[in-house]
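Below is one structure, written out as structure tokens, with a few remarks after it.
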Amino acid sequence: MIIFCITQDTQRHPLLPELKSGGFQVMGKISSQCSLSGHISGELAVETSAVPIHSIDIQLFCVDCILPGEKIATETSLIQTTQIADGDVCRKLTIPIYVILPRLLTCPTTFAGPFSIEFKVAIVISFQSELSKLQNCIRRLTPEL
């Protein structure tokens, strides 16, 4: 199991000002190894969040790497997204993680000379904000074909 802590300080991408000033903290643990017939398991808890949460998703990625000469070519593909929470969750409530692997899209992690196939898991937390509410209003006002 891998123990993780997600805060506004651990993020490498830009955050909205309301997230930077208010802060959030999500803690948990997730399995780092599983069999193809098994599942990814773990748990997480939203310790604090100044902004209401919209959803929490677990994303499974396939990372293909090849070493042609002295360069490394890497391609990352999204395999599956599983939503584990919808709406603003209760603080400090343990949310179970249980993701079944798609059998046709996964294989064992492989390292064969200059070629490798690995799988990575990402935890995606979407927050409700005034900006997202504004975008939803704009989408509703835009006529659909």
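The values are calculated or read from the model by the stated rules, or taken from the named source; none is laboratory data. Nothing here was measured: the structure is a model prediction, and the numbers come from that model. Using ideal geometry, Cβ is built from the backbone for each residue, glycine included, and neighbour counts are taken over all protein chains shown.
Looking at (1) at pLDDT below 90; (2) in a strand (DSSP E or B), which one does T106 not meet, given that it meets all the others?
So the condition that T106 fails would be (2).
Considering only residues that are out of contact with any Ser or Thr (no Cβ under 6 Å at 6 or more places or on another chain) and among the hydroxyl-bearing types (S, T, Y), look in the range 50-88 and name the one that is surrounded by the most Cβ atoms within 10 Å (Cβ to Cβ).
T82
Looking only at the range 21-72, how many residues end up being in a loop (DSSP other than H, G, I, E, B), more than 23 Å from G87 (Cβ to Cβ) and over 16 Å from the mean Cα position of the chain (by Cα)?
So the count comes out to 12.
Considering S32, S77, S41, which residue is of a type outside the set (V, I, T), closer than 26 Å to I117 by Cβ and free of Cβ contacts under 8 Å to residues at least 24 places away in the same chain?
S77
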